[in-house]
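*Asks:* Take this structure, written in structure tokens, and hold onto it; I'll ask about it next.
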Amino acid sequence: MKRREFVGAGLALTAAWPLRGFSAALKNVADVPVKTLAGGDVLIRGSSIEDFAASLRGNLLLQNHPDYERTRHIWNAAFDRRPAMIASCTGASDVKRAVDFARENQLLTAVRAGGHSFSGKSTCEGGFVIDLQQMQGVRVDPSIRRAHLEAGSLLGQLDHECAAFALATTAGTVSDTGAAGLTLGGGFGRLGRRFGLACDNVESFSLVTADGRFLRASPSENPDLHWGLRGGGGNFGIVTSIEYRLHRMNPTILGGYLIWPLDQARDVLRHYRDMATDAPDVVNLAFDLHWEEGKPYVGVEACWSGDDHTQGEAWLKRLRTFGKTDFDGIKPMPYVALQSSGDSRTPHGAHYYSKNGFVAQLTDDGIDRLVDLFPQTPDLYTVFSDHCGAAYRKTAADASAFPRRDMAFVVAIFAGWKNPAFSEGNVEKMRAAWREIEPLTKGFYTNYADAETKLAGYSENYGANFERLVALKAKYDPINLFRLNANVPPKI
Ligand SMILES: Cc1cc2nc3c(=O)[nH]c(=O)nc-3n(C[C@H](O)[C@H](O)[C@H](O)COP(=O)(O)OP(=O)(O)OC[C@H]3O[C@@H](n4cnc5c(N)ncnc54)[C@H](O)[C@@H]3O)c2cc1C
């Protein structure tokens, strides 16, 4: 059978820094109605808009700007929103001016980095978007093993710059996801069992808070913010750059995808569960149930990031020789190749829907439920997982805002389709499938949350960290300017 080999996303890795002066002056701008935090509209005078635009180095995109259409779209086309204006920021200075403008006018404000929000939180209808896409660049200092990342950068850029120095840190599994959104919400990835969540590796953040202050958050400067930004999402300000601690790692890993027909899924997943539970921390094993050319399969993707590939071959043999595989793509390959291997499965511009939850363990009953349900929605969704444990557990649950350290796996269902006419039916089928799966789970990963997740759901999910997050929100964003996120209210 013809199988998808690992293909890169053709990601442009050059910085998109516009070499020009201040944005082209806006003239004769008409007054613009913009949605407010209170839910109404405010009419912003044309002259104020002109003054604001003139203060930026990047462009202020109104709906008639030639870049507006291209810029307004996010990855998930289910959120086809038309903001009233988009501030296309080129640096912290633009971000500060945009935050001041948003606060002074009480605007409904969305923050967009990589644009991969499942729940569409990085855009809004009729409001104001602070867009960081132009703020790209990663600088690695190998002598102290640090990476400095501009907040609009994508994960592929981070991985690429680190690999040249045989360094790495945890990043997600699709290379065109934004590093900022992923890190602020936690950040699972193929190296997470070895190095912890992406946010566990942040030495410092630079950010603009709701009152327009530019702050640094590290263990020694504003440590309360450093705590909250590691798992608390975009609640406390707009992060303009992130400093990551890096680790030595062989840039060639042993990894790839194994596939079995679905009729072996019960046995494969039990074997997978047992191996994943006992795996060394240099191993990441993620399972999926997926459709290919109309047929259902169970897959396991392995990543052995340890230096000793002979040891890795020996350890993975028990998986590769289990049952009768239909495809075995495990081989030595550049880590960055594995990191972009799944990009083509999640193209920009389709309509996506997802549900997820943490599981403490994959029980035999749970596995049976996943496998029994899967063929009932032909060719619609994929079940996928993140492999937790190991280094994810090394950070105490109250040492950062990220609340759920003790779980074994994240289990999610996920589907994408092009034609919006299918949306209602597909979403209904996904909801019905999730009603069956949800009882197996406890809590959810906020970065995979769907748009139906309500404030109370997020609050509960932050668990014992919630009250501390509320106090932090009251201190740094008492008006809840940054509310389009896994929101924490400034008071209970
Ligand atoms: C295809 C795909 C694959 C994924 N794979 C993984 C994975 O392997 N591991 C994992 O952990 N997650 C994964 N995710 C989830 C991912 O972590 C979230 O979608 C994350 O929010 C994406 O970040 P972004 O910058 O691209 O998002 P955006 O849509 O730009 O932003 C999402 C939210 O993050 C906040 N935000 C973003 N940037 C900033 C900033 N600079 N300052 C303040 N707030 C900010 C805002 O609240 C915003 O609403 C994946 C998502 C997708 C769509």
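The values are calculated or read from the model by the stated rules, or taken from the named source; none is laboratory data. Here the structure is a predicted model, which means the values were calculated and not measured. Note: ideal-geometry Cβ built from the backbone for every residue, glycine included; neighbour counts use all protein chains shown. Surface accessibility is based on the protein's heavy atoms, side chains included, excluding ligands, DNA and RNA. Shrake-Rupley method; radii C 1.70, N 1.55, O 1.52, S 1.80 Å.
*Asks:* Note down the relative contact order for the chain as a percent, whole number, built from C-alpha pairs under 8 angstrom at least six residues apart.
*Replies:* Once divided by the residue count of the chain, the mean separation gives 16 percent.
*Asks:* Taking Rh as the Kirkwood radius computed over C-alpha pairs, what is the Stokes-Einstein D of region 279-407 at 20 °C in a medium of viscosity 1.002 mPa s, expressed in µm² per second?
*Replies:* In µm²/s, the coefficient rounds to 124.
*Asks:* Would you kindly derive the ³J(HN,Hα) couplings of region 487-492 from the backbone phi angles with the Karplus curve 6.51 cos²θ - 1.76 cosθ + 1.60 (θ = phi - 60°), listing them in order in whole Hz, with x for Gly and Pro?
*Replies:* Result, ordered by residue: 6, 10, x, x, 8, 8 Hz.
*Asks:* So how far, in whole Å, is the C-alpha centre of region 20-60 from the one of region 414-492?
*Replies:* Centre-to-centre (Cα) distance: 31 Å.
*Asks:* May I ask for log10 I(q)/I(0) of region 71-141 at q = 0.29 Å⁻¹, from a Debye sum over the Cα atoms as equal point scatterers with solvent left out?
*Replies:* The Cα Debye sum returns log10 ratios of -1.33.
*Asks:* Quick one: helix 466-476 against the long Cα principal axis of the chain, what's the angle to the nearest 10°, folded into 0 to 90?
*Replies:* On a 0 to 90 degree scale, this one is about 30.
*Asks:* Here is a follow-up. Determine the principal axes of the Cα atoms in region 274-328, then give the extent along each, sorted from largest to smallest and rounded to whole angstroms.
*Replies:* In descending order, the Cα extents are 38, 19, 18 Å.
*Asks:* What ³J(HN,Hα) values, in whole Hz, does the Karplus curve 6.51 cos²θ - 1.76 cosθ + 1.60 give for region 160-165 when θ = phi - 60°, with x put for Gly and Pro?
*Replies:* Whole-Hz 3J(HN,Hα) from phi for region 160-165: 4, 5, 6, 4, 4, 10.
*Asks:* Another question, if that's okay. Order these peptides, 245-256, 190-201, 120-131, by their mean beta-carbon neighbour count within 10 angstrom, highest first.
*Replies:* The densest-packed peptide leads the list: 190-201, 120-131, 245-256.
*Asks:* Go from 0 up to the bin containing the longest alpha carbon distance in the chain, width 20 Å each, and give me the % of pairs per bin.
*Replies:* 24, 57, 18, 1
*Asks:* In region 446-492, how does Rg compare with the Kirkwood Rh, expressed as the Rg/Rh ratio over alpha carbon atoms?
*Replies:* We get a ratio of 0.94 for region 446-492.
*Asks:* Further, regarding this structure: What's the angle, to the nearest 10 degrees (0 to 90), between helix 92-104's Cα axis and the longest principal axis of the chain?
*Replies:* Value to nearest ten degrees: 70.
*Asks:* Next up: Using a 1.4 angstrom probe, figure out how much accessible area the chain has per residue, in square angstrom, rounded to the nearest whole.
*Replies:* I get 40 Å² per residue for the chain.
*Asks:* Hey, another quick one. Provide, as a two-decimal number, the C-alpha radius of gyration of region 377-492 over 2.2 N^0.38 Å, N being how many residues it has.
*Replies:* Ratio of Cα Rg to 2.2 N^0.38 Å: 1.24.
*Asks:* In whole percent, what relative contact order does region 139-280 give with Cα contacts below 8 Å and a gap of six or more residues?
*Replies:* Across region 139-280, relative contact order equals 26 percent.
*Asks:* Can you tell me the order of 391-404, 154-167 when each peptide is scored by its average per-residue count of other Cβ atoms within 10 angstrom, highest first?
*Replies:* Per-residue mean Cβ counts within 10 Å order the peptides as 154-167, 391-404.
*Asks:* Also: On a C-alpha basis, how far is the centre of region 92-120 from the centre of region 330-406 in Å? Whole number, if you could?
*Replies:* 29 Å
*Asks:* So if I average 1/r over every pair of distinct C-alpha atoms in region 188-320 and take the inverse, what Kirkwood radius in Å does that give?
*Replies:* Averaging 1/r across every pair of different Cα atoms and inverting gives 17.5 Å.
*Asks:* Roughly how far apart, in whole Å, are the Cα centres of region 152-221 and region 253-328?
*Replies:* 27 Å
*Asks:* In units of 2.2 N^0.38 Å, what is the alpha-carbon radius of gyration of region 36-188?
*Replies:* 1.12
*Asks:* Ignoring ligands, DNA and RNA, please state the percent of accessible area on the chain from carbon and sulfur, probe 1.4 Å.
*Replies:* After summing per-atom areas, the C and S share lands at 52 percent.
*Asks:* For region 311-377, state which trypsin sites (Lys or Arg not before Pro) are in a DSSP loop and have at most 15 other beta carbons lying within 10 Å of their beta carbon.
*Replies:* Lys324
*Asks:* What chymotrypsin sites (Phe, Trp or Tyr not before Pro) in region 439-483 are in a loop by DSSP, with at most 10 other Cβ atoms within 10 Å of the Cβ?
*Replies:* Those that pass, being in a loop and sparsely packed, number zero.
*Asks:* While we're here: Are any of the pairs Lys331/Lys418; Lys35/Lys475; Lys295/Lys355; Lys121/Lys491; Lys331/Lys355 more than 28 Å apart by Cα-Cα distance, and if so, which?
*Replies:* From Lys331/Lys418; Lys35/Lys475; Lys295/Lys355; Lys121/Lys491; Lys331/Lys355, over 28 Å: Lys331/Lys418; Lys331/Lys355.
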